[in-house]
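No lab work stands behind these numbers, since they all come straight from the coordinates. Just so it is clear, the model here is predicted, and its values are computed rather than measured. All Cβ positions, even for glycine, are placed from backbone atoms using ideal geometry, and neighbour counts span all protein chains on display.
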Amino acid sequence: MADARPLKRIIATDCGSTTTKSILIEYIDGEYRQTVRGEAPTTVEKPLNDVTKGVINAVTELEELARLKYKDDSIKFIKDDTIWISEKENEGVDAYVSTSSAGGGLQMMVTGVVAKMTGESAERAALGAGAIVMDLIASNDKRANYEKIERIRQMRPDMILMAGGVDGGTTKHVAEMGELVAAADPRPRLGSSYKLPVIYAGNNKARDIIKDALGEKTDLIITDNLRPTLENENLGPARDKIHDLFMEHVMAQAPGYNKLMSWVKGPKDGKLVTIPIMPTPAAVGNIMQTIAKVYDIEVLGVDIGGATTDIFSVFTKNKVFNRTVSANLGLSYSISNVLATAGLEEILRWVPFDIDESGLRNMIKNKMIRPTTIPQQLEELVLEQAIAKEALKYAFIQHKEFAVGLKGAQRQREISEAFSQSTSGESVVNMMTLDLLVGSGGVLSHAPRRNQSAMMMVDAFLPECITRLAVDSIFMMPQLGVLAEISEKAATEVFEKDCLIYLGCCVAPVGKIKPDKIALTAKIELPNGEVFQEDIKFGEVRLLPCGVGETAKATLKPGRGLDIGEGKGQEINTELQGGVVGIVLDTRGRRPFTLPLEASKRVPLLKKWMKEFKAYPEEILK
């Protein structure tokens, strides 16, 4: 089928905890575009207990909307109560793919010998595969053995990933971890009729020891060591096994998933094959990695939800992928945790009006007990977006701490590094080289004004030098991530043209100078023919008009001691990409920048910046 003609129609669904979202992707005039979308409640719980019912309902909406769009009643995507995949032209669809986070997603525990070495590698493998890591058990984590056993027993994960030791090294500590897991005899979260899946990806010399300890009690899978040497990390085989086991064990226990797994098919290597259902976060990571590879760029993405905030990044010339889940930072169920993490002062520093502490606390508690509500008043919206900035900031701090080079590894240092403090284990996240920052989640994707999304992303992530900003229009990234498994062309074209809404770009010199000094000398030729030319002082924000698909020629010279990508004080000539918001010039300097504690100084400053961003109506900023 794939050799005869290109994929003409593809249906992709994302089965979430509450909503099943469907999209139709079509091949039109030589390119792939997302044309119709639908959604329906997810049906994994009583009384329906069958996820495919929600899928059929969501795809039925696609069918009806496609008929309206094309004024063609013969369009049919469902036949015999399944997704109709046909090899004939203009009949059914050519492929159906799906992702899922229904049932709470994939929940895992990981074990390692040294928490900051093999344990951290195991976490990276599990997070990259789309899991929520419930706990890391390590030989050196300072808990008594009985506490570790009790913890494993209580958590009831979907599966356990065991790492530890380099190939050929000592087996003592790996054997101890195997005995701990065996003593805990953990039960799986879903289903009582099968053994808990355990993946062993540690020292190859200890495989027989692990088999003896866990072979009878668990469904043990042995794969390549994810840390074969201190200098190398090999996460691919472990991630692949996690995906396989997610399908075979976790999804197989959820109501209706066996049926759904028989539906997902598409052409690959000239044959119609089953395309495994992917965990939603793993699919998002997949599209991030695909985009980074296809366009040869560094990408940072965030998905902020009601309960968690996921951050994905692809950095360095080797395109190192990392994902973190801040399971206690969200904007509804976990909103109180944001308050506990950041504190009232940190949140209130983003609010440009007086509000008493009890008012802010009441707003947060109301959001927690009524998680589906949205702000009804402008002041509530400002407060929610202030909380979002702190949630994003702390989630990003956690991500930078996790996304590091290999600890314990020795590496050859260049002459330029001889006097620096850099060591293995430093963060691979470098905002000075970041090309694209993508935001998703309700507070970013559905902000009343796109300017608010740009402001939140700039204030929370503090991009440096020149960074392009975008938001996911309807959270389409999971479907595109699994679509990339069968067609990178379709996934990247739809990602570029229909998924992303480009906000523009942020230009931010890095460093610190005195407030009365010039931070940026800019000469920018705008698409409308105007020339913006200004010496911008430290601590300012400017917003220039430059639309989607437009570029502006710029000559930018940072102030003394500041860097815009080519070294301190070095002028650059470049083209700046536009978007629905435009070009943001941010001269607030050193990251993170500090705000005055006194409201009399801070509030006027906030109002000035928000006016420049055109974030809110004038009346709230008077």
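Using alpha-carbon pairs under 8 Å, 6+ residues apart, how would you state the relative contact order of the chain in percent?
11
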Say the cut-off is 23 Å between C-alpha atoms; which of 514/614; 367/389; 268/293; 389/601 go over it? 514/614
R0 of 56 Å, Cβ-Cβ distance residue 594-residue 195: FRET efficiency to nearest 0.05: 0.55
Added length on full extension, which subtracts the Cα-Cα distance from 0.36 nm per residue, residue 528 to residue 45: 168.4 nm
Among the listed pairs 241/497; 79/259; 553/607, those beyond 24 Å (Cα-Cα): 241/497; 553/607
Segment residue 608-residue 327, length gained on full extension (0.36 nm per residue, minus Cα span): 97.7 nm
Can you list which of the trypsin sites (Lys or Arg not before Pro) found in segment 85-127 are DSSP loop residues with at most 12 other C-beta atoms within 10 Å? 88
Mind giving me the FRET efficiency for residue 19 and residue 72? R0 is 35 Å, r the Cβ-Cβ distance, nearest 0.05 is fine. 0.80
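Report the full-extension gain for the segment residue 212 to residue 572: residue separation times 0.36 nm, less the Cα-Cα distance, to one decimal in nm.
My answer for the length gained is 123.3 nm.
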Using 7 Å Cα-to-Cβ label points, what is the residue 167/residue 146 separation (nm, one decimal)? 4.1
For segment 9-102, what is the charge dipole size about the Cα centre, in debye to the nearest 20, if Lys and Arg each add +1 at the Cβ and Asp and Glu each add -1 at the Cβ? 220
In range of the label at residue 274: residues from segment 71-93 whose backbone nitrogen is under 19 Å from the point 7 Å along Cα→Cβ: 82-86
Going through segment 440-533, which GluC sites (Glu not before Pro) have at most 12 other Cβ atoms within 10 Å and a DSSP loop state? 530
For the chain, the dipole about the Cα centre with charges only on Cβ (Lys and Arg +1, Asp and Glu -1), to the nearest 20 debye, works out at 1020
Once you list every other residue whose beta carbon is under 9 Å from the beta carbon of residue 552, what net charge do they have if Lys and Arg are +1 and Asp and Glu are -1? -2
